[in-house]
Amino acid sequence: MAKLRAGIIGTGFMGKAHLEALRRLPGVEVVAVAASRPEKAEAFARAHRVPRAHADALALLADPEVDVMHNCTPNHLHFVLNQAALQAGKHVLSEKPLALTSTETAALVKLAERSGLVAAVNHCYRYYPLVQQARAMVQGGVLGRLYLVHGAYLQDWLLYRQDFNWRVDPARGGALRALGDIGSHWCDLAQYVTGRRITHVSGQLATVHATRLQPQAETATFRSADTRGASEVPVTTEDYAAALLRFEDGASGFFAVSQVSAGHKNGLSFEVDCAEGALRWHQEDPNVLWIGRRDRHSEIVTKDPALLDGQARAYVHYPAGHPEGYPDVFTNLFRNVYTHITDRSSPADFPTFREAHQVARLLEAISLSHREGRWVEVPLD
Ligand code: SOE
């Protein structure tokens with residue numbers, strides 16, 4: 001891989017995850033960071049030995065030594081910085097959701113495709129070895145015709161009324177909270193594994209807490225807020241959403257997302273029911289894949305590179321028995337992106353802006369269906 005230089009904007013939980021994953025890739029160097037305040041970027045650069053801390057995001061985008069911009073900022077900055085990066089001639093790796101609305105995602109698709117630059121979105125869950133195995137089996141038709149796809153993404157970090165974070169605020173997180181934040185992952189995964197688009201949806205959304213206590217200081221995702229001096233604010237974003245689904249080949253399905261389900265942390269799961277068996281995968285136990293059978297014992301496939309399908313084996317870094325997990329899937333996705341930047345004839349196996357735009361359309365269709373009480377067709381553009 002030829003040397004490529006990355007710049008990371010945003011130094012929170014995600015900025016650090018991107019940095020660590022990038023440092024495992026040969027031929028990639030993280031040369032610059034920027035944050036919401038210059039002191040934050042400087043402290044991060046010092047702590048993690050990144051050569052340059054820029055005063056702000058635009059200064060990083062003007063840095064001629066940055067080839068690829070990683071956008072690890074809160075959701076409301078995704079559109080403007082992704083756009084600015086493409087205009088500055090940088091390849092982009094954006095956190096999800098790609099932008100706050102499908103009007104914005106459509107504009108980014110246009111810009112990215114015209115620019116000839118590589119533009120990807122971090123739907124990282126695709127790149128667990130056992131997800132790859134499931135994909136190979138479903139798309140290879142090993143279990144016969146696909147009937148149903150179902151699953152969930154359940155969390156509990158917003159269970160209590162005093163739980164708060166910028167994601168609750170529609171101006172910063174987007175009008176669709178649970179759907180945009182974690183529903184986007186589930187829908188991306190379901191379509192990636194099956195290779196089929198979701199074409200029609202019937203949705204239901206619910207906000208459990210009509211008001212929440214907004215603390216004076218910003219609270220990080222997954223952390224408890226300090227409620228001293230907090231003010232009561234109305235909540236318009238959903239805590240829960242579910243949808244019935246129709247896929248393009250006639251398969252059916254359903255999924256639910258929730259950020260108020262006690263005990264569930266990152267409970268992302270899917271199940272695929274086919275004519276001759278079923279598959280089930282769960283993110284919190286990611287190194288196994290369950291194969292359900294009716295007329296014989298069900299089976300467990302484990303992360304053993306000697307036994308996995310060739311496509312899945314490419315995502316295994318360690319021998320059988322050594323668990324691989326969340327940080328590894330970032331490296332896997334980034335490897336595919338950086339390889340494609342270097343060699344455009346290599347497969348573009350990463351979530352593209354176009355795919356993320358289609359997910360944005362899909363989530364908006366679920367919301368529309370909820371508001372109008374009817375099935376909605378997901379626009380194709
Ligand atoms: C919070 O819900 C969050 O950090 C999401 O924003 C991520 O995309 C998800 O992977 C983990 O949970």
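When Gly89, Gly116, Gly10, Gly15 are checked against the criterion of being within 18 Å of the chain's Cα centre (by Cα) and at positive phi, Gly10 stands alone in meeting it. Taking residues in segment 208-226 that are closer than 17 Å to Thr237 by Cα, and partners anywhere that are of a type in the set (S, T, N, Q) and within 16 Å of the ligand (Cβ to nearest atom), the pairs with Cβ atoms closer than 8 Å and at least 6 places apart or on different chains are Thr221/Asn165. For segment 118-142, residues that are touching a helix residue (DSSP H, G or I) at 6+ places or on another chain (Cβ under 6 Å) and more than 16 Å from the ligand (Cβ to nearest atom) total 9.
Here Ala312 meets the list (1) touching a residue at least 24 places away in the same chain (Cβ under 8 Å); (2) within 18 Å of the chain's Cα centre (by Cα) almost entirely, failing just condition (2).
For segment 189-215, residues that are among the aliphatic types (A, V, I, L, M), part of a loop (DSSP other than H, G, I, E, B) and touching a Ser or Thr at 6+ places or on another chain (Cβ under 7 Å) total 0.
Restricting to segment 263-291, and then to whatever is more than 15 Å from the ligand (Cβ to nearest atom) and surrounded by fewer than 16 Cβ atoms within 10 Å (Cβ to Cβ), can you tell me which residue is nearest to Cys124 (Cα to Cα)? Filtering first and then ranking leaves Asp285. Given the criterion within 16 Å of the ligand (Cβ to nearest atom) and of a type in the set (S, T, N, Q), identify the matching residue among Gln259, Gln214. Unique residue meeting the criteria: Gln259.
Checking each residue of segment 195-203 against the condition of being within 16 Å of the ligand (Cβ to nearest atom) and among the β-branched types (Val, Ile, Thr) gives no match.
Tell me the residue from Ser369, Ser345 that is over 16 Å from the mean Cα position of the chain (by Cα) and either crowded, with 20+ Cβ neighbours inside 10 Å or closer than 30 Å to Gly203 by Cα (or both), please. Let's see the steps before the verdict.
Numbers: Ser345 fails: either crowded, with 20+ Cβ neighbours inside 10 Å or closer than 30 Å to Gly203 by Cα (or both).
So the residue among Ser369, Ser345 that is over 16 Å from the mean Cα position of the chain (by Cα) and either crowded, with 20+ Cβ neighbours inside 10 Å or closer than 30 Å to Gly203 by Cα (or both) is Ser369.
Screening segment 88-117 for residues that are in contact with a helix residue (DSSP H, G or I) (Cβ under 8 Å, 6 or more places away or on another chain) and of a type in the set (Ser, Thr, Tyr) and picking the one that is nearest to the ligand (Cβ to nearest atom) gives Ser94. Scanning segment 121-145 for residues that are out of contact with any Phe, Trp or Tyr (no Cβ under 8 Å at 6 or more places or on another chain) and β-branched (Val, Ile, Thr) gives Val138, Val142.
Within segment 169-188, the set of residues being within 11 Å of the ligand (Cβ to nearest atom) and either touching a strand residue (DSSP E or B) at 6+ places or on another chain (Cβ under 7 Å) or among the aliphatic types (A, V, I, L, M) (or both) comprises Ala178, Ile182, Gly183, His185, Trp186.
Sort out which residues of segment 20-43 are surrounded by 17 or more Cβ atoms within 10 Å (Cβ to Cβ) and within 16 Å of the ligand (Cβ to nearest atom), and write them in order of number. Result: Ala21, single match.
Taking the criterion of being hydroxyl-bearing (Ser, Thr, Tyr) and within 27 Å of Ala314 (Cβ to Cβ), the residues of segment 86-132 that qualify are Ser94, Tyr125, Tyr127, Tyr128. Checked against the criterion of being closer than 18 Å to Gly174 by Cβ and within 16 Å of the ligand (Cβ to nearest atom), segment 240-248 has at least one qualifying residue.
Values quoted throughout were computed directly from the atomic coordinates according to the rules given, and no laboratory measurement underlies them. Just so it is clear, the model here is predicted, and its values are computed rather than measured. With ideal geometry, Cβ positions are generated from the backbone for all residues, glycine too; neighbour counts draw on all protein chains shown.
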